[in-house]
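See structure below.
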Amino acid sequence: MTEPQPTAKTNPILSTGSQQTPVQTAPLASIGRKLHRGATTELWRWAITAAITIPVATGLLIGSFIIAIYMQARSDESTQVDAIIVLGTAQYNGVPSPDLKARLDEALAAYEEGLAPYIIVTGGKIEGDAYTEAETGLIYLTDNGVPTSAILMEDQGRDSWQSMQGAAEILNARELERVLIISDGFHLFRLKVMARELGFTAFGRAASDSPIRRNGSSEFNYVLRETGATMLFLISH
């Protein structure tokens, strides 16, 4: 008796009529393991790339802001404008602090150079103060020969952004567009960003006699603070 011969297993999908083509298939479990290993490797590759790229990119961004703030602090952009804006800071019962006095003296010099017909003094007051920063500026400038008709006051601002918004209302009411901003050098970059956000053409001039001296450790600390404040402003606006 002739024993039946074993036949090869075939894929029925590939069968045509009585003729069959044998197909060898890899086990599905093996294919799944290979795919899993490939996906895991790719994820690790992307994770390592991100872990390197994100800190480097962040460092470059922060570094570029620091450089820009330092460069702006050392750039005198004095030019003919519609108004000079002086940012307020501490005052003592109507007497400007050394920092505020330096800013007001710089504004006075710019006004006497004929760069603008108006000076906008800014800054409100904290609880318990008898004078606002703007009022203190007004008193100081008029005592030094600036007519009251040339001084405009923004006396509600509690921070730089509020002061710039208040100054913008004054400028818009008089259809003024070009401004020369005076403050400490490290402060100017952010103030110009704010002014441009409000729709003005802005230039900067640092208070040359500021007690916060260039290249000192205190200036570097302020530059770092301004870097964070500028980035936060840009993110929120």
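All of the numbers you see were taken from the coordinates with simple rules; none came from a lab. Predicted model, so just to flag it, every value in this text is computed and none were measured. Note that we place each Cβ from the backbone using ideal geometry, even for glycine, and neighbour counts take in every protein chain shown.
The ALA173 and ILE235 beta-carbon pair, evaluated with R₀ = 25 Å, returns a calculated FRET efficiency of approximately 0.25. Could you go through segment 141-158 in sequence order and give the Karplus-derived ³J(HN,Hα) for each residue, using 6.51 cos²θ - 1.76 cosθ + 1.60 with θ = phi - 60°, rounded to whole Hz, and x for Gly and Pro? Here the 3J(HN,Hα) series is 5, 5, 5, 9, x, 7, x, 4, 5, 9, 10, 10, 10, 10, 10, 10, x, 9 Hz. In segment 107-237, taking the dipole from charged Cβ atoms about the Cα centre, the farthest positive-side position among ALA109, LEU232, GLY199 is held by LEU232. Label-to-label distance for THR49 and VAL95 is 6.4 nm, based on points extended 7 Å past Cα in the beta-carbon direction.
About the centre of its Cα atoms, segment 125-207 shows a dipole size close to 420 debye [charges on the beta carbon of Lys, Arg (+1) and Asp, Glu (-1) only; nearest 20 debye]. Peptides 146-158, 130-142 ordered by packing proxy, namely the average of other Cβ atoms within 10 Å per residue, highest first: 130-142, 146-158.
Label-to-label distance for THR148 and GLU42 is 7.6 nm, based on points extended 7 Å past Cα in the beta-carbon direction. Taking 7 Å steps out from each Cα toward its Cβ at ALA109 and ILE62 produces label points 3.4 nm apart. Close amide-amide hydrogen proximity is noted between ILE85 and ILE120, LEU180, ILE181, ILE182, each under 5 Å apart and 5 or more residues distant or on a separate chain (H modeled in the peptide plane; Pro and chain starts excluded).
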